[in-house]
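Take a look at the structure below.
The values are calculated or read from the model by the stated rules, or taken from the named source; none is laboratory data. Here the structure is a predicted model, which means the values were calculated and not measured. Cβ sites come from the backbone with ideal geometry, for glycine too, and all protein chains shown count toward neighbours. The protein model used for the area step is the full one, side chains on, heavy atoms only, and it has no ligands, DNA or RNA in it. Shrake-Rupley method; radii C 1.70, N 1.55, O 1.52, S 1.80 Å.
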Amino acid sequence: MAQDGSHHQVDHTTTRPPTSLPHPRPATAPGGAFDLPTWVAAPRPEAAPGIFRQGYEWIDPEQAEEAKVPTGQLLWRAALNLVATVATYYIGTFLLVWVTGLLGWYAGTSPEQFDTAQILINMITVGCAAAVFWRTGRWREVGRRFLTRAGWRKNVAPVLARAITHEGPVPTGPLVGAEPVPVADPWFVQRAGGARTAAETLDRAKVGDVDYVRIQRAWESAQADAVFLPAFLDQVLTRGGAAFSHPSEARDLETRKAWHDLLLQQVRLGTTQDVVKNPQTHRLTGFALDPTVLGTSLLAVGPAGTGKTTRLARPVTEALCLQTLAGRACVVVIGASDADLGPDSWYDVVIAPGEPDSVYGLDLYGATQDPDEAAARLADALLPDELTARAESARTTLQQVVGPFNTAYGRYPGVRELRALLSGEPETMGPLVKALREAGRLTVYERDLEHRQRQQDRPDDPGVLLADRLALLDRPAFAGAFTTDGTGRLPFAMRVLDHPLRVRVKLPERSHPEAARILSRLVVGQFVVAAAAREDRSLFAGLVVDDASAALDANTVRGLQRMRGANAGAVLLLQTLMDLPEALRTPLFGAVGCRMVFPGIAPWDGKFFSEAWGTHVVHETVVTHTPDTSGGVVRRAGRLGRKALSGTTAQTESVTTRDVERLRWSPSDLAHALPAGHAVVSLTAVSGEQVPPLLVDLRG
């Protein structure tokens, strides 16, 4: 039977003591206030990617194995080994003295020399006995459980406390009290840096974790340039904990649920399970995501209802919004109007093309200064997957009208104007030619306009296709959402990704599904281009797409790889890889660094993940049972009698061990063996450090 469990149901029960000790959530001070000193002082040691570092403590695997032994059995074994040690000492000492006496080693020695020899013999005997029985008696584990401070409080203090309660109240001393919580001065660097008055003001203010990270970031900027130090002092003395707040003046999020550590920009999603498939270093540790792994982008696949939105998209969105309020990130979230991606109060800009009362619209061209680039991105978004073969001609056609219009009027055409230009309506083309002639630029675009006019007479004119696709956006429900002349809603453009901004795009998937697909492709394409083109990359630019089946094309997939070096990343959710064109599936797997599988996927989806995660070497033990035919007449007669009496046949057992390569996760395991509420996820950090696939419990 294979020992790696690659062909069996995954056992997600936990029997092993944790290899990390999860720190409790930050305590609250009296009155329910956030206990900032305790939160700041919580240990955060270095750890591999994916481990929630707040309160993390690594335990040696051998020590974890020893901790599995019950206390009674541990003490009994230690006592037996202690008896064996004492017996070995006396017997060994007697034998050594007797043998050395027979050899005449003590002849002619003085009493002092004899005593020295006896002491040496005793030391040798004790050392040998301790070396033999130290490991078998597990005395190190006994000492850890009962002699160390933490072990005493965990194993002895509760027993004594229960005994004391029968005779009187439990004393509140070091014996049964809670583990002391480390406390730190959160504003030590300000006091040491000459801003003592600011530190005293912050001591009196009500400061949360978002405020602390934001103010510390401002202090680092002030330290980098002494010119900003007076401004820092003035802001803190005037506003206290609200100093340097986000332009929205928000200092936290409503209905905040996930467990965050904003000092490290981590959000905890669950707990890695104690199973053979998980690496020893990632068993029963907190599982977390942060910009160092999100910077390589994450692809999550799972059917509807398995928790992709609730247990992945929403916590990551919440984390990025909090980091935005702290001045360390910007985020764009795309999903259906009814998707559980947080309330509108979480966001600074809410783009809802299908809602008439929406304040913001969408710039179809992304505020791109290059008309050809803007037209190309719009053409890619307009074409459905099945018509990507005509993408190049569609791009050229759109460029032939967008460029002249931008030159003539100083802006890009709106949806209705663009439809008229592609259809060649005289009411639109005539004024355009006249405006170009007056601007002295007609000769530059004359060839494009003539070519566009010749194409209109052909049956395969791409302009007809583009105009039909634009008609999906030219609906009364979208009135004012895509205007470019300043008469509609405020247009949002992706060029603002160098500011701490929270953006929510609500897609009208129920009322206008095909228009929603177009807008999804358009927004994702604009984000990928804008994130990579930023000059100031100090902020992490995060993109969360609740359903990316319509949002990806070849250009977007290539852009995901460029975002790794631009301090940006995307979280892409899919119900199945079959929703993507076949030509995109393999490149997408190569473009993302983090991959996540939820329960219930199809085996053909699992095959992609299984191949991407590859194989590993496992130690396999095979036990073979064969009927025993050895021996003579007497042994054979005995076996026949045994079979007649018990009904069993005597067998011989042979054991074979070998190292073999097995899939880390087979397609069958991914499709059928994942427990509900769990997921398998592999990570790659921006630095290149990789974490093999982990089974994670996302519940709680």
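Values as computed for the structure displayed
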quantity: Matching option when the condition is farther than 30 Å from Thr649 by Cβ, in contact with a strand residue (DSSP E or B) (Cβ under 7 Å, 6 or more places away or on another chain) and surrounded by fewer than 21 Cβ atoms within 10 Å (Cβ to Cβ), among Pro627, Pro599; calculated: Pro599
quantity: Glu653 touching a His at 6+ places or on another chain (Cβ under 8 Å) and farther than 30 Å from Thr292 by Cβ; calculated: yes
quantity: When residues of the stretch 217-251 are limited to those that are at positive phi and not in a helix (DSSP H, G or I), the one surrounded by the fewest Cβ atoms within 10 Å (Cβ to Cβ); calculated: Glu249
quantity: Index of the failed condition, Leu470 passing every other in (1) open to solvent by less than 30 Å² (accessible area, probe 1.4 Å); (2) over 27 Å from His512 (Cβ atoms); calculated: (2)
quantity: Asp547 vs. criteria on the phi < 0 side of the Ramachandran plot, among the charged types (D, E, K, R) and not in a helix (DSSP H, G or I); calculated: yes
quantity: Which listed residue, of Gly486, Gly480, is under 21 Å from Ala367 (Cβ atoms), open to solvent by less than 40 Å² (accessible area, probe 1.4 Å), modelled with pLDDT under 90 and under 51 Å from the mean Cα position of the chain (by Cα); calculated: Gly480
quantity: Qualifying residue in the stretch 397-416 (condition: open to solvent by less than 30 Å² (accessible area, probe 1.4 Å), of a type in the set (Phe, Trp, Tyr), over 30 Å from Gln323 (Cα atoms) and in contact with a Lys or Arg (Cβ under 9 Å, 6 or more places away or on another chain)); calculated: yes
quantity: Near pairs, Cβ below 9 angstrom, 6+ apart or cross-chain, from the stretch 569-597 (of a type in the set (S, T, N, Q)) to any residue that is at pLDDT 95 or above and assigned to a strand (DSSP E or B); calculated: Gln575/Val301; Thr576/Val301
quantity: Boolean, Gly342 is farther than 25 Å from Phe608 by Cβ and open to solvent by 10 Å² or more (accessible area, probe 1.4 Å); calculated: yes
quantity: Within the stretch 408-426, tally of residues that are among the small types (Gly, Ala, Ser) and in a loop (DSSP other than H, G, I, E, B); calculated: 3
quantity: Those strands (runs of 3 or more DSSP E) lying entirely in the stretch 260-308 with at least 3 residues closer than 25 Å to Leu325 by Cα, touching an Asp or Glu at 6+ places or on another chain (Cβ under 8 Å) and among the β-branched types (Val, Ile, Thr); calculated: none
quantity: Hits in the stretch 351-390 (condition: open to solvent by 30 Å² or more (accessible area, probe 1.4 Å) and β-branched (Val, Ile, Thr)); calculated: Val359, Thr368, Thr388
quantity: Sole residue being within 30 Å of Asp697 (Cα to Cα) and among the small types (Gly, Ala, Ser), chosen from Gly241, Gly270; calculated: Gly270
quantity: Among (1) on the phi > 0 side of the Ramachandran plot; (2) in contact with a Pro (Cβ under 8 Å, 6 or more places away or on another chain) - the single one Gly631 does not satisfy; calculated: (2)
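Quick grid of which residues meet (1) touching a helix residue (DSSP H, G or I) at 6+ places or on another chain (Cβ under 7 Å); (2) under 13 Å from Gly403 (Cα atoms); (3) modelled with pLDDT of 90 or more:
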| site | (1), (2), (3) |
| --- | --- |
| Glu417 | yes, no, yes |
| Pro426 | no, no, no |
| Arg452 | yes, yes, no |
| Gln456 | yes, no, no |
